[in-house]
There are 2 protein chains.
Amino acid sequence: MLTLDDLPTPSLLLDHDRFVRNHERLATHLLRLGVPLRPHVKTAKSIPALRQLLRGQPGGVTVSTLREAEACLDAGITDILYAVGVAPQKLPAIAELQARGAAMMVILDSLAAARALAAHRHRRGIGIPALIEIDSDGHRAGVAADSTLLLDIAEALGDDLRGVMTHAGESYRCVTAEEKRAMAAQERDAAVNAALRLRFAGYSAPVVSVGSTPTAHFADDLSGVTEVRAGVYVFQDLVMAGLGVCAVDDIALSVLVTVIGHQAEKGWLITDGGWMALSRDRGTASLPVDQAYGLVCDADGRVLEELVMIGANQEHGIIARRDGQPWDLGAYPVGAHLRILPNHACATAAQFDGYVLLADGKPTGEYWQRFNGFHIGLP
Amino acid sequence: MLTLDDLPTPSLLLDHDRFVRNHERLATHLLRLGVPLRPHVKTAKSIPALRQLLRGQPGGVTVSTLREAEACLDAGITDILYAVGVAPQKLPAIAELQARGAAMMVILDSLAAARALAAHRHRRGIGIPALIEIDSDGHRAGVAADSTLLLDIAEALGDDLRGVMTHAGESYRCVTAEEKRAMAAQERDAAVNAALRLRFAGYSAPVVSVGSTPTAHFADDLSGVTEVRAGVYVFQDLVMAGLGVCAVDDIALSVLVTVIGHQAEKGWLITDGGWMALSRDRGTASLPVDQAYGLVCDADGRVLEELVMIGANQEHGIIARRDGQPWDLGAYPVGAHLRILPNHACATAAQFDGYVLLADGKPTGEYWQRFNGFHIGLP
């Protein structure tokens, strides 16, 4: 039977029991609120993972790259929302995915992009359905729900308009439950109000798409919303635990590393998992508890609270006591295995080609391949 | 003829003229000092790049993963130093590479690893040549040149001992030329002294391997050193420019992005290049000038000094004025191309599958594939 000792290090481990539990938790919550889930592919980027997330859902997915769209399409998943403001140059590739059978939908927040879409429809005779991105929190992109620009974009889009979407990225700064609930309401209100304005002005805007992992979990009313997007929820990570979206015990992803040296005077374990394995993401740096490059677990996944991964070079990790005190490194000799819980699941997973699956804490022999990269056709 | 407009974004651009110039600069410097270069594969991870770096050199390379070793071996490059402290579990994979024709050399800094090597030799009848890693700067791994442990490890290694290696990673904190020169001397002294101690004690230690990009450029005497390792030197990056190792004009790597939106009130350009393209590396944060997520250039590569990439989400970049003032975004409409110079070439390059080559600022049509991943055989 396969054990962790049979795996090369660093390896990316996926605890399938936690994965299923995380998914069921959010799916159940949304079912109660009466809104379907359109899972975001950007975290898992893996077809076997997606198939489990789509059970009992309408079947649509959210993607962050056209490469993700292509991989979904190749697997027979055709209802695809490309949720990054569309660049005019990407329209031919999107049309190619349409021609291959994808029901693509794009997002945009500018007259320039809306006009590029209209010109594309005029040229090709086939449009690309679009949602207008709404700025619900000042975090990044989108137009204000009460802006003139919203109606101008709708006018420029014409028949390609399908509705609105928003992403409350500022929810990643909401530490209390109250803040997250308020942010979820703010996200919903912005999207629903924008859709109502469009409908009152005579436009068809059936789709009201919202989502971020924190708001998806803390929303207590999604009236008027037609779908929720979330990605990291299914793995969870130290940022989500730090925000109170999940417990540390919910984190399904970890990186298996091997101790390759000791610096006894400094109290450092040196491992073969550096930033190439964990990524450079330091998402917990701005949270109440900074987890540096990750929380350390023993080989069986039990958290070693006193330890933290304090440093990362390309292929070297440095593990020390959180309080900086020297300690007896002998418990973790050269060759010992440890597991690191990541700050940010999307970033850490992206450093690997796939997931080694665990059930009951043991490798099942299954490996879920990821699709990395950005584009279709061209590399 | 191919132009930048034909490329999907984000794409990783490699200015071949700068690449050649960077390589020639270091190779010439080391030629003058009479020491050959053993280029580090970890930055470029690409065979066509390596072939150019190996011209006029003995032909050996440095790797940070066994995947790199395998890719080199498959391309006929057989003299391979695996320069991350070897874990006992990796010895079978290394033996497999030896059996396939690789002249592998490993490094270690513990009795445990040395004994694992001796046991491996005893079991297999064939040893794995090893260098003892010397700690020249307290940065990470290695044993002190004047320690008892050095001689104990040599004794445990027996016939597998080939010499010593060190990496002055602290050179990444040396801002003045004087500090870098001093660090280069310190790196050399530690390695040479360790080798002399071993030789005086009766051990054979012909190899004295040193290197980091800053010390390689600023060393003015490498007496006693038999080879220099460096990787990032050939691309350079904002960290190296910030340390005065190169000029910004030497940086050969950039990420081509497209403007996908404007947040006019905030003075933000939104692009389709986020941390998935640039990485989360914030290596300039601790330098005199913090370049945030990267310096911004126009599509032709001219630096736009007043702009900087202030934020990164997974597939979104945020570009603003460095002074935070509002400005006229109209010069960079939706669909415009920009190029971002990265903080850390190794980390940014690792986010892509390969390099789009430029000569005279134009795509040549060449694409240099990278090999990512960690392991041989297994994924």
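For every residue, the table says whether it meets (1) in contact (Cβ under 8 Å) with a residue 12 or more places away in the chain; (2) more than 10 Å from chain A (Cβ to nearest Cβ); (3) in contact with a Pro (Cβ under 8 Å, 6 or more places away or on another chain).
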{"position": "B:T215", "(1), (2), (3)": "yes, yes, no"}
{"position": "B:S223", "(1), (2), (3)": "yes, yes, no"}
{"position": "B:E227", "(1), (2), (3)": "yes, yes, yes"}
{"position": "B:G231", "(1), (2), (3)": "yes, no, yes"}
{"position": "B:D237", "(1), (2), (3)": "yes, yes, yes"}
{"position": "B:G242", "(1), (2), (3)": "yes, yes, yes"}
{"position": "B:V245", "(1), (2), (3)": "yes, yes, yes"}
{"position": "B:W268", "(1), (2), (3)": "yes, no, no"}
{"position": "B:D272", "(1), (2), (3)": "yes, no, yes"}
Practice item. Please state which one of B:A320, B:A331, B:A312 is in contact with a Phe, Trp or Tyr (Cβ under 8 Å, 6 or more places away or on another chain), of a type outside the set (V, I, T) and either more than 19 Å from A:F374 (Cβ to Cβ) or at pLDDT below 95 (or both). Key: B:A320
Check your understanding: Which one is farthest from the other protein chains (Cβ to nearest Cβ) among residues in region B:331-344 that are under 20 Å from B:D237 (Cβ atoms) and assigned to a loop (DSSP other than H, G, I, E, B)?
Key -> B:P342
Check your understanding: What do you reckon, is B:V208 among the β-branched types (V, I, T) and under 21 Å from the mean Cα position of the chain (by Cα)?
Key -> yes
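Restricting to region B:284-301, name every residue that is within 25 Å of B:L357 (Cα to Cα) and within 25 Å of the chain's Cα centre (by Cα). So that I can check it myself, show each step before the final result.
From region B:284-301, those within 25 Å of B:L357 (Cα to Cα) are B:291, B:293-301; that's our starting set.
Within region B:284-301, B:Q291, B:Y293, B:G294, B:L295, B:V296, B:C297, B:G301 meet the criteria.
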Point to revise | Which numbered condition A:V356 misses (of (1) within 12 Å of chain B (Cβ to nearest Cβ); (2) surrounded by 15 or more Cβ atoms within 10 Å (Cβ to Cβ); (3) part of a loop (DSSP other than H, G, I, E, B)) | key: (3)
Check your understanding: Taking the condition surrounded by 15 or more Cβ atoms within 10 Å (Cβ to Cβ) and more than 28 Å from B:Y172 (Cα to Cα), does B:V296 pass?
Key -> no
Study note, to complete from the structure: (1) at the interface with another protein chain (Cβ under 10 Å from one of its Cβ atoms); (2) surrounded by fewer than 22 Cβ atoms within 10 Å (Cβ to Cβ); (3) on the phi > 0 side of the Ramachandran plot; (4) not aromatic (F, W, Y) all hold for B:S279 apart from (2)
Exercise for review: Among residues belonging to region A:40-59 that are in contact with a strand residue (DSSP E or B) (Cβ under 6 Å, 6 or more places away or on another chain) and not in a helix (DSSP H, G or I), point out the one that is nearest to A:Q351 (Cα to Cα).
Suggested key: A:S46
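Which one of these is surrounded by fewer than 23 Cβ atoms within 10 Å (Cβ to Cβ), more than 17 Å from A:T213 (Cα to Cα) and away from every other protein chain (no Cβ under 14 Å): A:D5, A:D17? Lay out the reasoning, then the answer.
Working: A:D5 fails: away from every other protein chain (no Cβ under 14 Å).
Step by step, each of A:D5, A:D17 is checked, and only A:D17 is surrounded by fewer than 23 Cβ atoms within 10 Å (Cβ to Cβ), more than 17 Å from A:T213 (Cα to Cα) and away from every other protein chain (no Cβ under 14 Å).
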Review point. Quick one: B:R67 ticks every box in (1) under 24 Å from A:G261 (Cα atoms); (2) in contact (Cβ under 8 Å) with a residue 12 or more places away in the chain; (3) touching an Asp or Glu at 6+ places or on another chain (Cβ under 9 Å) bar one, so which box is it?
Key: (3)
Study note, to complete from the structure: How many residues of region B:359-379 are assigned to a loop (DSSP other than H, G, I, E, B) and under 25 Å from B:Q314 (Cα atoms)? The answer is 6
Revision key, fill the gap. Note on B:R25: of the conditions (1) out of contact with any strand residue (DSSP E or B) (no Cβ under 9 Å at 6 or more places or on another chain); (2) within 14 Å of another protein chain (Cβ to nearest Cβ), unmet is (2)
Exercise for review: Could you please tell me which pairs satisfy a Cβ distance under 8 Å, a separation of 6+ or placement on different chains, a first residue in region A:173-187 that is touching a residue at least 60 places away in the same chain (Cβ under 8 Å) and in a helix (DSSP H, G or I), and a second residue that is of a type outside the set (V, I, T) and loosely packed, with under 15 Cβ neighbours inside 10 Å?
Suggested key: A:R173/A:S286
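When the residues of region A:224-273 are narrowed to those that are β-branched (V, I, T) and farther than 29 Å from A:W327 by Cβ, which ends up nearest to the chain's Cα centre (by Cα)? Walk me through it before giving the result.
Here is the first cut: in region A:224-273, the residues β-branched (V, I, T) are A:225-226, A:228, A:232, A:234, A:239, A:245, A:248, A:251, A:255, A:257-260, A:270-271.
Keeping just the survivors that are farther than 29 Å from A:W327 by Cβ gives A:225-226, A:228, A:232, A:234, A:245.
Details: A:V225: 20, A:T226: 20, A:V228: 13, A:V232: 4, A:V234: 9, A:V245: 14 Å.
Checked region A:224-273; the qualifying residue nearest to the chain's Cα centre (by Cα) is A:V232.
The values are calculated or read from the model by the stated rules, or taken from the named source; none is laboratory data. Owing to the predicted nature of the structure, the values given are computational and were not obtained by experimental measurement. Because the Cβ atoms are built from the backbone with ideal geometry, glycine has one as well, and the counts that use them run over all protein chains shown.
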